[in-house]
């Protein structure tokens, strides 16, 4: 088996690693999200998220009946693992 090695300067690798770390959410970052952000996080359409909330199939909070929906990231992670 032949393997190729790339001669990439360390400065470039460090810059790529820093940028990748900026783009990736911290696993410890547990926060509330709105419907669009939660749908993006779960990689599902917002309409699917609304159907799941209507069926009480996904954990969420609401500021008032018919009001804005809020989703806790850790609760979504737990739900995703169980589904």
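Quick note: the coordinates plus some simple rules give every number you see, no bench work behind them. Treat the numbers as computed from the prediction; the structure is a model and nothing was measured. Cβ coordinates were reconstructed from backbone atoms using ideal geometry, including for glycine residues, and neighbour counts include every protein chain displayed.
Each Cα pair under 8 Å and six or more residues apart adds its sequence gap; the mean of these over the residue count of region 30-82 is a relative contact order of 45 percent. Once the C-beta distance of residue 32 and residue 10 is scaled by a Förster radius of 35 Å, the resulting FRET efficiency is 0.35 to the nearest 0.05. Can you match Rg and Dmax of the Cα atoms in Å to one of these, (i) 16.0, 57; (ii) 23.0, 64; (iii) 19.0, 63, based on a calculation from the structure here? It is the one labelled (iii).
The angle separating the long axis of helix 10-23 from the principal Cα axis of greatest extent in the chain is about 0 degrees.
Could you tell me how many degrees, from 0 to 90 and to the nearest 10, lie between the Cα long axis of helix 73-82 and the main elongation axis, the longest principal axis, of the Cα atoms of the chain? Here the helix axis deviates by roughly 90 degrees.
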